[in-house]
Amino acid sequence: MIKLSTRLYTTTPQKILRMTVEQQQQQQQSIQSQSQNGHTSGQPVKYVNSELTTVEQAKPGRKVELPFGFGPLPKDHSNKTIFFFDIDNCLYPKSTRIFEMMQEKIHEYFKHNLQLNDEDAYRLHHDYYKTYGLAIEGLVRNHQVDALDYNSKVDDALDLHAVLRYDKSLRDTLLKVKQSGKFDYFWLVTNAYKNHALRVISFLGIGDLFDGLTYCDYSKFPIVCKPMKEYFLNVFDLTRLNYENKEVLAKQWFIDDSELNVKAAYDLGVGHVIHYVEHDEDVAKLKQKDDFTHYYGDGSSRSKIQILSQFSDLPKLVGV
């Protein structure tokens with residue numbers, strides 16, 4: 001029998017938390033209807049996090065403003081230089097334990113909704129993660145689960161307020177890169193649904209630093225997520241990049257904490273791929289893999305995947 005952590009987390013009632021986020025989005029219904037469906041250009045998305053106090057909301061970046069929303073960029077903004085950022089376990093450290101919080105909720109969802117014991121729920125959860133990149137993808141494909149119901153009971157039910165704090169150091173790091181003039185746009189790319197993404201960047205105080213967001217749309221079937229090629233091509237379409245042009249992709253930047261995701265980006269021809277790996281032991285494990293040299297080289301080539309262990313070192317790696 002698999003033994004799970006018994007650590008307890010304070011949780012906001014799911015129904016209330018979901019309404020908190022969705023109420024913010026009701027004013028953006030026109031945006032939602034067109035966000036990723038081929039309109040001329042994405043409309044701005046603004047989000048005020050009602051989980052924050054008035055004092056907390058007054059800090060820079062706590063109010064989310066994405067000028068181009070969920071995309072696409074205007075047609076005349078094609079083939080620009082874009083820095084693509086993953087969110088979870090990338091813009092905040094693993095020490096927040098959000099991943100563990102999420103794993104517990106996913107496990108409970110598998111266990112109760114599929115009526116499995118602990119061992120079978122654990123096995124199936126991880127099988128689906130390895131096969132599809134997301135547990136929810138396996139649930140939707142094989143069990144006809146309502147993905148938005150899953151989202152309300154997993155991602156939206158996480159008490160992010162208890163573990164995420166305003167991160168001035170992160171904000172300063174991103175601002176230094178953004179203000180360097182090397183990039184035309186900062187764009188978020190996540191396997192989470194939009195609710196979770198907006199909440200995270202609001203809590204961190206970086207909601208005003210990005211131009212747009214591409215999320216995993218749980219309302220569609222099949223669900224398309226990283227590291228699927230279709231996900232990346234959709235991102236390139238929304239940001240007006242001609243991905244058939246090697247020179248265009250060669251000037252793009254992408255950072256993610258997932259080995260699968262950075263390898264997928266590299267294979268597609270993204271020129272500057274950064275693998276955020278916090279711990280030395282995880283770097284050591286990477287170096288033991290047969291394909292390490294192919295993807296990462298010996299550390300001297302900028303054309304290979306670069307490993308970043310301290311997010312504050314991002315400006316140095318970028319060259320600013």
Taking the range 139-156 and keeping only residues that are under 17 Å from the mean Cα position of the chain (by Cα) and in a loop (DSSP other than H, G, I, E, B), one is left with V154, D155, D156
Given the condition more than 16 Å from Y92 (Cα to Cα), among the hydrophobic types (A, V, I, L, M, F, W, C) and either surrounded by fewer than 22 Cβ atoms within 10 Å (Cβ to Cβ) or in contact (Cβ under 8 Å) with a residue 24 or more places away in the chain (or both), answer yes or no: does some residue in the range 154-169 qualify? yes
Those residues of the range 288-320 which are out of contact with any Ser or Thr (no Cβ under 9 Å at 6 or more places or on another chain), surrounded by 11 or more Cβ atoms within 10 Å (Cβ to Cβ) and over 18 Å from D267 (Cα atoms), in sequence order: L308, S309, Q310, K316, L317
For the range 173-185, give me each residue that is on the phi < 0 side of the Ramachandran plot and not in a helix (DSSP H, G or I). Q179, S180, K182, F183, D184, Y185
What number goes with the only condition from (1) among the aliphatic types (A, V, I, L, M); (2) over 25 Å from V48 (Cα atoms); (3) part of a helix (DSSP H, G or I) that L170 does not pass? (2)
In the range 77-93, the residues that are at negative phi and under 14 Å from the mean Cα position of the chain (by Cα): F83, F84, F85, D86, I87, D88, C90, L91, Y92, P93
Just checking, which of D256, D217, D237 is within 17 Å of the chain's Cα centre (by Cα), acidic (D, E) and closer than 29 Å to R302 by Cα? D256
Check off (1) of a type in the set (F, W, Y); (2) surrounded by 15 or more Cβ atoms within 10 Å (Cβ to Cβ); (3) modelled with pLDDT under 95 for F99 and give me the number that stays unchecked. (2)
Going by what's in this entry, would D88 be described as among the acidic types (D, E) and under 30 Å from P60 (Cβ atoms)? yes
When you scan the range 129-138, do you find a residue that is surrounded by fewer than 15 Cβ atoms within 10 Å (Cβ to Cβ) and part of a helix (DSSP H, G or I), even just one? yes
Could we say that V224 is buried (at least 17 other Cβ atoms within 10 Å of the Cβ) and free of Cβ contacts under 8 Å to residues at least 24 places away in the same chain here? yes
How do the helices (runs of 4 or more DSSP H) wholly within the range 202-320 filter down when requiring 2 or more residues that are out of contact with any helix residue (DSSP H, G or I) (no Cβ under 8 Å at 6 or more places or on another chain) and more than 30 Å from V45 (Cα to Cα): which remain? 246-250, 280-287, 292-296, 314-318
List the pairs whose first member sits in the range 180-198 and is of a type in the set (S, T, Y), whose second member is not in a loop (DSSP other than H, G, I, E, B), and whose Cβ atoms are under 7 Å apart, counting only residues at least 6 apart or on separate chains? Y185/I82; T190/A197; Y193/N151
Would you confirm, using the coordinates I've provided, whether G205 is of a type outside the set (V, I, T), buried (at least 20 other Cβ atoms within 10 Å of the Cβ) and touching a Lys or Arg at 6+ places or on another chain (Cβ under 8 Å)? yes
Being in a loop (DSSP other than H, G, I, E, B), of a type outside the set (K, R) and in contact with a Lys or Arg (Cβ under 7 Å, 6 or more places away or on another chain) narrows it down to one of L116, L73, so name that one. L73
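The values are calculated or read from the model by the stated rules, or taken from the named source; none is laboratory data. Values in this document were obtained by computation on a predicted structure and should not be read as measured data. Cβ: placed from backbone, ideal geometry, glycine included. Neighbour counts: every protein chain shown.
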